[in-house]
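The values are calculated or read from the model by the stated rules, or taken from the named source; none is laboratory data. For clarity, every value in this text was computed on a predicted model and none was experimentally measured. A quick note on method: Cβ atoms are made from the backbone with ideal geometry, for glycine too, and the neighbour counts reach across all protein chains shown.
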Amino acid sequence: MPTERGRRRVMAVTIRDVARHADVSIATVSRALSAPDLVAERTRARVIAVARQLGYEPNRAARSLITGRTGFIGAVVPDVSNPFFLGVLKGIQAGARERGHHVLLADTAEDPETEAGLLRSIGRQADGLVLLSSRLSVPQLRDFSGDERTFNTVLFNRVLPGFPAVLLDSGDGIRQIIGHLTALGHRRCAYAGGPRESFADAERRRGLARSCQHTGMRIVDLGAFPPQFSSGARVADMALESGVTAIIAYNDLVALGVLARLRDRRVDVPLDLSVVGFDDIPMASMSAPRLTTVSLPLEQAGRSLVELLLQPQQLDERTGGVARPRGRLMPVRLVVRSSTAAARRPRG
């Protein structure tokens, strides 16, 4: 004896069925699923709940012909295995699902040429693109996007005039780190940077310069490193040779690699050397010692990216009715754990 849900699967659920059960018009259902920002929040939630309960699957091909929209957004990421990006992607998936969209995910393997090719390919299949920490140069981004596509692309952790963007306040994160280390008596610290083309790394270096002017902290620049665990060994060895009392790593993966190398070399963290990361990935609170790091609102940032990408553009009368780029700066917070302590004396 087939169940009610089983019968609905045999007899395809239509948009008319969803409208009847939600007690709204067919047009309202269509807008709720294809242009959710045009429907009141409570009505949209009811329509989506009914659609899920009935197992309704919209005909995306037909909807694309009618609306000119595919129901997909593209998310292009430098390294999908990096836990930092996983948090953002979780927010993107949730935000897209709430607006009746699916996500096409592409991993560029930190290669700008691969990224450029993926953008051209996915750009033809999606209603818009979210570029996570893009490694493309400004000319490459301009060449891909063009003026007519500017508002179909949203950037994460990258600033480019004409493009909406969601940014993490890396400069303030560095300010909090330097304030913390200064209060602990550290006066000479090492910084292990990220990729040279990284916007976030540039922001952190600017934050370091400003903070050092105010606090008198001296920074030993160890250079640029791939944002991976394996970079930590070289960072740790260079820091030990430099005689610093603390290491600030570009991200938590590098910082965790630093902790592993220092443990192998029998260096006590934090008594001999303090270590600070950036991102607050889940492993940061599980390391030994637990890592002091900057916590970022990654899932919230992902939702904001989708909102900026899909919501109707607001016109600005001062620019002749042309939509202006929007952006959001997300606050960050230092989480102090057991990998930092008072400076004893300079090493070396």
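Looking only at the stretch 221-232, residues that are of a type in the set (A, V, I, L, M, F, W, C), crowded, with 17+ Cβ neighbours inside 10 Å and touching a Lys or Arg at 6+ places or on another chain (Cβ under 8 Å) come to 1 in all. The C-beta contact set for the stretch 120-143 (first residue more than 14 Å from V159 (Cβ to Cβ), second residue of a type in the set (D, E) and buried (at least 23 other Cβ atoms within 10 Å of the Cβ), distance under 9 angstrom, 6+ apart or interchain) comprises R135/E115; Q140/E115. Of the residues making up the stretch 74-122, just one is buried (at least 19 other Cβ atoms within 10 Å of the Cβ), of a type in the set (D, E, K, R) and more than 23 Å from P139 (Cβ to Cβ), namely R99.
Of all residues in the stretch 149-186 being of a type in the set (V, I, T) and within 16 Å of A246 (Cα to Cα), which is farthest from the chain's Cα centre (by Cα)?
Step one: filter the stretch 149-186 for residues of a type in the set (V, I, T), giving 150, 153-154, 159, 166, 174, 177-178, 182.
Of the ones still in play, those that are also within 16 Å of A246 (Cα to Cα) are 174, 177-178, 182.
Values: I174: 18, I177: 21, I178: 24, T182: 29 Å.
Per the stated criteria, the residue is T182.
Screening S81 with (1) under 30 Å from F229 (Cβ atoms); (2) at pLDDT 90 or above gives one miss only, at (2). When the stretch 83-127 is filtered for residues that are in contact with a Leu (Cβ under 8 Å, 6 or more places away or on another chain) and at positive phi, only G100 remains. Report the residue count in the stretch 76-103 for those that are closer than 19 Å to L296 by Cα and not in a loop (DSSP other than H, G, I, E, B). The total comes to 14. Among the residues examined, R9 does not qualify as at pLDDT 85 or above, surrounded by fewer than 17 Cβ atoms within 10 Å (Cβ to Cβ) and assigned to a helix (DSSP H, G or I).
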